[in-house]
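We did not get these values from a lab; they are worked out from the coordinates using the rules stated. In this text, all values refer to a predicted model and were calculated from it rather than measured experimentally. A quick note on method: Cβ atoms are made from the backbone with ideal geometry, for glycine too, and the neighbour counts reach across all protein chains shown.
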Amino acid sequence: MSGLYIHVPFCRQKCHYCDFASFACKEDLIDSYLCCLDREASFFPHQSFNTLYIGGGTPSILSVNQLDVLCEIISRRFAPINTFAESTIEANPESLSLEKLKLLKQRGVNRLSLGLQSMNDEVLRYIGRVHDTKTFLSAYEQARKAGFENISIDLIAGLPNQSEEDFLQGLKKVLALDPQHLSVYGLQVEEGTPFYRQGIQTDDVFLRRELEQIHFVLKDAGFVHYEISNFARSGYESKHNLSYWQNKEYLGLGSAAASFQKGERRSNTADLAEYLRRMRYGVSAVEFSEKLTGKAKEGEQIMLGLRMLGGVKLSPSQKTLFAAEIEDICKRGLVSLEGDLLKLTFEGMFLANQAFMAFVGPFDV
Ligand SMILES: C[S@@+](CC[C@H](N)C(=O)[O-])C[C@H]1O[C@@H](n2cnc3c(N)ncnc32)[C@H](O)[C@@H]1O
Ligand code: SF4
């Protein structure tokens, strides 16, 4: 069983830290984009999926009617949304409405991932968010009213102009809302973003301390820290995202969407105009594909699995192939190996990229 991902590359405004494949002020292209998604879906008939994830960008920027069209495409081309074991839509507070939420719920979407990033209005303005905390609280309340019982909230730690105390106070306000799931990412300053151009840098010591505090606060509040950046009430771990880390297959539709099927990783062009053009001509949007083999393939699987804090079970051949690398990162205190189970240590959780390097090629075999 596998996952279906649909990318919606539209945003009201570009946040100053974001380098995701999304564009501001292109809402006039949404209707054509939906037709193109329908065309692309027709290239993959008779596929069945366990989970659905509509991500972006900002899927909630679509109007009620456009959301309905998107749901109809998914239902017609694949399966009614209420038949997926989990179906998530990403949303931004400023573009949600009770009407949109009710439509999504009625269509069978059963999980909402709401982007908040910070519970401080000044910080939100500084990082280029369109919404304030009041708008977020109202969107959250409306989502509950519409019947969403599984809500995840995204936050970013280590943002400029936000102290650790302020972040933790905000986190406690978020916890008072009783969400089922939280994603807390450490800020990454990516080339090409306004943050990068402004010379903003992450403070690794500060971020490490803040992430450690977040881990303990959320653990005390009863959340399972199940992946480096993800926390859930027991039973509410994201099924769709877990399938990525478990190296299961998925199909991605839309500009910049990635897929993994039959051992091959593919990604579509991130150029929106090019995506639309290719779909109008009925040709594939794939811009990159590769099929890893040998040690690189095994390394990728271990690296993905290691993101889960429960660890990854190694096959006998993986243990042999990576014996030297694993010994090295064990000695450095980044991972532990008990039997076949390779796990990040508490320290390794904050230095995971260093552990991952052991599993990245090039390799000779
Ligand atoms: C696909 S993105 C955006 C979803 C949605 N449009 C929003 O803004 O809430 C998913 C999440 O990635 C995180 N994110 C994006 N850029 C980031 C960065 N540079 N550093 C850390 N986290 C980032 C944010 O928490 C964001 O909510
Ligand atoms: S963080 Fe979300 S809203 Fe902001 S630009 Fe990125 S995708 Fe768009």
TODO: With the Cα gyration tensor of region 294-359 in hand, give its eigenvalues times 5 under a square root as the equivalent ellipsoid semi-axes, listed largest first in whole angstrom.
DONE: 16, 12, 11
Task: In order through region 71-83: 3J(HN,Hα) via Karplus (6.51 cos²θ - 1.76 cosθ + 1.60), integer Hz, x for Gly, Pro - done: 4, 5, 4, 4, 5, 6, 7, 10, 6, x, 4, 6, 9
Task: Cβ crowding within 10 Å averaged over residues, with 145-153, 4-12, 311-319 ranked highest first - done: 4-12, 145-153, 311-319
TODO: Can you tell me the FRET efficiency between ASP31 and ALA324 if r is taken as the Cβ-Cβ distance and R0 is 45 Å, rounded to the nearest 0.05?
DONE: 0.25
Task: For q = 0.10, 0.11 Å⁻¹, Debye-computed log10 I/I(0) when each Cα of the chain counts as one equal scatterer - done: -0.66, -0.81
- [ ] Based on a Kirkwood Rh over C-alpha pairs, give the Stokes-Einstein translational diffusion coefficient of region 1-137 at 4 °C and viscosity 1.567 mPa s in µm²/s.
- [x] 83
Task: region 60-218: Rg to Rh, with Rh as the Kirkwood radius over Cα pairs - done: 1.01
TODO: Any of LYS134/LYS173; LYS14/LYS248; LYS319/LYS343; LYS248/LYS295; LYS100/LYS134; LYS295/LYS319 with alpha carbons more than 21 Å apart? Name them for me.
DONE: LYS14/LYS248
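With charges set only on the Cβ (+1 for Lys and Arg, -1 for Asp and Glu), what does the dipole of the chain come to about its Cα centre, in debye to the nearest 20?
Charge dipole of the chain: 920 debye, to the nearest 20.
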- [ ] Output the Cα-based Rg and Dmax of region 121-207 in Å, rounding Rg to one decimal and Dmax to a whole number.
- [x] 14.4, 43
- [ ] Quick one: which residues, 5 or more positions from LEU253 or on another chain, have an amide H under 5 Å from its amide H? H modelled 1.01 Å from N in the peptide plane, none for Pro or chain starts.
- [x] TYR5, ILE6, HIS7
Task: Cα-based reach from LYS145 at 19 Å (exclusive), listing aspartates and glutamates while leaving out same-chain residues under 8 positions away - done: GLU90, GLU94, GLU99, ASP178
Task: Karplus (6.51, -1.76, 1.60) ³J(HN,Hα), θ = phi - 60°, over region 237-249, in Hz, Gly and Pro reported as x - done: 4, 5, 5, 5, 5, 4, 5, 5, 6, 8, 6, 7, 6
- [ ] Please list the non-local residues whose amide H lies under 5 Å from the amide H of GLU86, H modeled 1.01 Å from N, same-chain partners needing a gap of 5 or more.
- [x] LEU52
Task: Long-range amide H partners of ASP154 with built H, under 5 Å - done: LEU114, GLY115, LEU116, GLN117, SER183
- [ ] Sort out for me the Cα centre separation of region 259-274 from region 109-167, rounded to whole Å.
- [x] 30
Open item on the list: Could you work out [θ]222 nm for the chain from helices alone, using -39500 (n - 2.57) per DSSP H run of at least four and dividing by all its residues? Round to the nearest 500 deg cm²/dmol.
Closed with: -11500 deg cm²/dmol
Task: Contact order relative to length of the chain, as percent, for alpha carbon pairs under 8 angstrom and 6 or more apart - done: 15
